[in-house]
Amino acid sequence: MKALVFNDVRNVTCSTTPDPELLHPTDVIVKTDLTAVCGSDLHVYHGRESGLDAGTVMGHEFIGEVVETGSAVKNFRKGDKVFSPFFSSCGDCFYCENDLACRCEKGRLFGWVENGIGLQGVQAEYARVPLADSTLWKIDDGIHAEEALLLCDILPTGYFCADMAGVQPGGAYAVVGCGPVGLLGIIALREMGAEKIIAIDLVEERRKMAMAFGATETIDGRQDDVEGQVRYLTEGRGADAVLELVGSEPAQALAYQIVRPGGTLSVVGVHNHKGFAFTPDDLYNKNLTYRTGRCPVQRYLPVLTRLVQSGKYDFRSLISHRMPLREGENAYRIFDQKLEGCTKIVLQPD
Ligand SMILES: [Zn+2]
Ligand SMILES: [Zn+2]
């Protein structure tokens with residue numbers, strides 16, 4: 001099959017690799033209809049996250065059709081249209097039972113194979129899904145294929161980030177980083193009753209999109225006094241919580257500066273640097289709560305399915321590029337360099 005394969009740092013190519021096969025009775029094989037490139041693919045691409053074996057198929061966001069089922073699979077049949085959270089999960093360990101399937105004892109991330117162990121990715125014509133009964137989800141009526149694709153990761157992750165902020169009706173919230181996940185976080189804040197949503201980004205186009213998605217104010221992150229502007233907008237205090245979706249030290253430092261005492265930093269940006277931009281004492285001195293982690297996607301799928309079905313938001317407008325899978329190498333380049341106003345790229349196998 002054709003797949004986007006990690007060869008080395010900044011070297012991902014559309015190559016021919018073996019078709020996946022059923023390895024366990026609980027596996028299914030999905031024929032990919034659509035797959036997406038995600039910000040976290042770039043961590044691998046640039047070697048900020050290292051350890052991935054050369055030859056690993058990239059990617060973790062996909063929808064498709066079940067074409068083969070293992071003998072123990074009960075909930076899925078050939079022909080079912082499905083999507084999956086970006087990791088597998090068993091459904092009955094301590095973490096799965098406590099609504100934290102992202103830490104499943106048997107769970108694996110799609111697109112991460114290290115020293116021969118792990119799970120191949122889904123930027124490919126076919127994908128093997130382990131523990132299919134507990135990992136896969138059917139695409140409900142009224143959900144467009146591209147919307148289902150957003151449910152694999154970025155829509156739940158944006159919602160999770162807002163959820164960790166502990167939104168109180170009437171509160172003021174700042175969003176640092178208005179890429180696709182940040183924009184979805186803005187929608188979630190709005191849905192949860194936030195009154196003031198301050199969107200901060202370096203890119204004008206993204207600030208405009210933030211306003212369209214429900215931000216009430218925007219700040220150009222390149223300006224000198226972002227902290228002063230946030231204070232000006234929050235009666236001098238700072239934001240009740242800051243959603244940080246960038247994953248860099250400057251973003252982390254900014255989030256600290258603009259949160260009010262007693263507030264929360266809610267972080268889904270992946271920080272590959274060592275240490276913090278602030279000290280434990282800094283946290284103490286502002287009585288802050290720091291919340292972070294991988295999104296437990298399953299927790300939010302019921303509420304997000306209903307939100308998508310309601311038609312209230314144009315989620316598909318987040319997708320800027322639709323390309324064939326065979327142009328994946330170019331897609332990574334465009335996505336990485338944010339060329340052509342790129343926000344999210346969807347790839348379709350031929
Ligand atoms: Zn993703
Ligand atoms: Zn589990």
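The values are calculated or read from the model by the stated rules, or taken from the named source; none is laboratory data. For clarity, every value in this text was computed on a predicted model and none was experimentally measured. In this analysis, Cβ positions are derived from the backbone assuming ideal geometry, glycine residues included, and neighbour counts consider all displayed protein chains. Quick note on the areas: whole protein, heavy atoms, side chains included, nothing else; ligands and nucleic acids left out. Shrake-Rupley method; radii C 1.70, N 1.55, O 1.52, S 1.80 Å.
P(r) tail for the range 116-173, what percent of Cα pairs lie past 18 Å?
That fraction is 57 percent.
To the nearest 10 degrees, how steeply does helix 204-213 sit against the main Cα axis of the chain, on a 0 to 90 scale?
That works out to roughly 90 degrees.
Could you run the Karplus curve 6.51 cos²θ - 1.76 cosθ + 1.60 with θ = phi - 60° over the range 183-192 and give me ³J(HN,Hα) per residue in whole Hz, x for Gly and Pro?
4, 5, x, 5, 4, 5, 4, 4, 4, 8
7 Å from Cα along Cα→Cβ at both ASP53 and VAL9: what's the point-to-point distance in nm?
Taking the simple label geometry, ASP53 and VAL9 are separated by 2.2 nm.
For ALA253 and ASP220 in the same chain, what is the full-extension length gain: residue separation times 0.36 nm, less their Cα-Cα distance, in nm?
10.3 nm
In the range 146-244, what trypsin sites (Lys or Arg not before Pro) fall in a loop by DSSP, with at most 16 other Cβ atoms inside 10 Å?
ARG222, ARG237
Looking at the chain, what % of its DSSP beta bridges pair antiparallel, to the nearest 5?
55
Taking a probe of 1.4 Å, how large is the accessible area per residue of the range 73-172, in Å²?
On a per-residue basis, the range 73-172 sits at 43 Å².
Report the GluC sites (Glu not before Pro) located in the range 200-262 that are in a DSSP loop and have at most 16 other Cβ atoms inside 10 Å of their Cβ, or state none.
Counting only loop positions with at most 16 other Cβ atoms within 10 Å, the GluC sites (Glu not before Pro) in the range 200-262 are GLU235.
In whole angstrom, how far apart do the alpha carbon centroids of the range 198-221 and the range 240-281 sit?
19
Pop a pseudo-label 7 angstrom from the Cα along the beta-carbon direction at both GLU114 and ASP141 and give the gap in nm to one decimal.
Placing both labels 7 Å along Cα→Cβ, they lie 4.4 nm apart.
Assuming R0 = 35 Å, what is the FRET efficiency of ARG322 and LEU23, from their Cβ-Cβ distance, to the nearest 0.05?
0.65
State the extension gain, in nm to one decimal, for the chain segment bounded by THR289 and ARG333, taking 0.36 nm per residue of separation less the distance between their alpha-carbons.
Result for the pair: 12.2 nm of gain on full extension.
List the lysines whose Cα lies under 20 Å from the Cα of LYS106, skipping any in the same chain that are fewer than 8 positions away.
Candidates past the 8-residue exclusion: LYS74.
Compute a Gaussian network model of the chain, connecting alpha carbons closer than 10 Å, and tell me which residue from LEU184, LEU304, LEU325 fluctuates the most.
Evaluated over the chain, the most mobile residue of the options is LEU304.
Ignoring ligands, DNA and RNA, what percent of the 1.4 Å accessible area of the chain is carbon and sulfur?
Carbon and sulfur: 47 percent of the exposed surface of the chain.
How far, in nm, would the chain grow between ARG103 and GLU227 when pulled straight, counting 0.36 nm per residue and subtracting the alpha carbon separation?
41.1 nm
Please tell me the relative contact order of the chain in percent, rounded to the nearest whole number, where contacts are Cα pairs under 8 Å and at least six residues apart.
The normalised contact order for the chain reaches 17 percent.
List the pairs from LYS81/LYS196; LYS196/LYS344; LYS2/LYS344; LYS196/LYS312; LYS286/LYS312 whose alpha-carbon separation is above 31 Å, in the order I gave them.
Beyond 31 Å: LYS81/LYS196; LYS286/LYS312.
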